[in-house]
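Dropping the structure in here first, questions after.
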Amino acid sequence: MMKQKLVLVGLAFAAVLMFSSLVQARVAQSVWYESVPEGAEEAAYSVRSRSGALQAAFVNAVFDESLEIIGYPITDVRKEELRKFLAPKAKAYVLSYRELGSTHMADGYGQEMSVEVSVNSSSLRSVIKRLGFFKTRTAPVVYNPQYSGVQDATWEKLGRLHQLYGLRPDHNSSLILVMNPVGDTWELSLQGEGAPIAAQSKNLDDAWHSVWGQYFSQSTSPQPMANTSKGVLQVRGWLFPDGVEAFDRVLRGWVGSASGARLEAVVIQADSVSARWVVQTKNIDQVLTKLSEYVNGRGLTYEFQPAAE
């Protein structure tokens, strides 16, 4: 009977770990303020509620996950435009979350919230592809703009769209974008490579995303693979196995994907529990720094052995 119970517990624990490996967990922080220092600029203290801080944590987690998916450095301007694009829809990419707690800031006014956020990496990857990041790693996509009736106020928005999607206008390009405002509707048509792609919307951003999103989705360009570091991580000192499962989620958030931290073994002894992972990440130094902070005060020790070159 005891043996049967142990088998059932082992299967249940394995099932939990298997389920966890399907979810991309990431720890994000955000700061909110219950009050503002006298005479301070209100803009610097814009998040004034716990719910607002939670939403900001979602944005931070989704944005960080998107940079991991992109996998190569992008300009600060493109980062800013990507964050603006993702911010209003970030919650749609959150599968689940768990608040880890809050700490008071040294200024005496703010509180920093930590949230474990499980991001729908698959859906986010599709959006990143539609924004052109997988096709514009080495150079922007060049297109021939054929516009009519575009007002001066629209040019600034077009500049931001070029930055976000990785585009560069050039009248010598064979890829042609025809764009016309008709009444209160924008009509766009992309021509020159395969069948024309057309869209119309009262919102220029929506029409632009529809046309270019279809174009980039049809691209067969593979996602660039960044240089990675790989090795074996061993952590010791837990009292119970559920500590391993909790840390597994945190670790996968640090490395940016479930495949980047694969749990290899859990060893349960009379007085402690230890576990071993194969870790693959683009920034092992950052992961080890976070690991040092994590084990501090938890009674844990760790060892990382880099893989042979």
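The values are calculated or read from the model by the stated rules, or taken from the named source; none is laboratory data. As the structure is a prediction and not an experimental result, all values here were calculated from the model. A quick note on method: Cβ atoms are made from the backbone with ideal geometry, for glycine too, and the neighbour counts reach across all protein chains shown. These accessible areas exclude ligands, DNA and RNA; they are computed on the full protein's heavy atoms, side chains included. Shrake-Rupley method; radii C 1.70, N 1.55, O 1.52, S 1.80 Å.
Residues being touching a residue at least 40 places away in the same chain (Cβ under 8 Å), in a helix (DSSP H, G or I) and either among the hydrophobic types (A, V, I, L, M, F, W, C) or over 17 Å from SER201 (Cβ atoms) (or both): count how many of those fall in the range 161-175.
3
Now for a different question. Starting from residues that are more than 27 Å from the chain's Cα centre (by Cα) and either outside the structural domain of TRP254 (by the TED database) or in contact (Cβ under 8 Å) with a residue 24 or more places away in the chain (or both), keep the ones in the range 285-301 and report whichever is most open to solvent (accessible area, probe 1.4 Å).
Per the criteria, the residue is ARG298.
If the requirement is being touching a helix residue (DSSP H, G or I) at 6+ places or on another chain (Cβ under 6 Å), of a type in the set (A, V, I, L, M, F, W, C), modelled with pLDDT of 60 or more and open to solvent by 60 Å² or more (accessible area, probe 1.4 Å), which of these qualifies: VAL16, VAL59, VAL77?
VAL77
While we're looking at this one, here's another question. Counting only residues that are more than 13 Å from GLY299 (Cα to Cα), open to solvent by 30 Å² or more (accessible area, probe 1.4 Å) and of a type in the set (Lys, Arg), how many does the range 227-254 have?
Total meeting the criteria: 2.
Within the range 259-284, which residues are under 20 Å from ALA28 (Cβ atoms) and either surrounded by fewer than 19 Cβ atoms within 10 Å (Cβ to Cβ) or over 27 Å from the mean Cα position of the chain (by Cα) (or both)?
Within the range 259-284, LYS282, ASN283 qualify.
Name the single residue that is nearest to LEU190 (Cα to Cα) among those in the range 207-260 being modelled with pLDDT under 85 and among the aliphatic types (A, V, I, L, M).
Selected residue: MET225.
If I ask for residues that are among the polar types (S, T, N, Q), open to solvent by 50 Å² or more (accessible area, probe 1.4 Å), part of a helix (DSSP H, G or I) and closer than 28 Å to THR185 by Cβ, which ones from the range 100-159 would you list?
Once the filter is applied, which keeps residues that are among the polar types (S, T, N, Q), open to solvent by 50 Å² or more (accessible area, probe 1.4 Å), part of a helix (DSSP H, G or I) and closer than 28 Å to THR185 by Cβ, the range 100-159 yields only SER126.
Here is a follow-up. Contact list please: Cβ distance under 6 Å, first residue in the range 176-195 and among the aromatic types (Phe, Trp, Tyr), second residue open to solvent by 40 Å² or more (accessible area, probe 1.4 Å) and in a loop (DSSP other than H, G, I, E, B), pairs at least six apart or on different chains.
Hits for this filter: zero, empty list.
Taking GLU187, is it open to solvent by 50 Å² or more (accessible area, probe 1.4 Å), more than 14 Å from TYR215 (Cα to Cα) and part of a strand (DSSP E or B)?
Considered against the rule, which asks whether it is open to solvent by 50 Å² or more (accessible area, probe 1.4 Å), more than 14 Å from TYR215 (Cα to Cα) and part of a strand (DSSP E or B), GLU187 comes out as yes.
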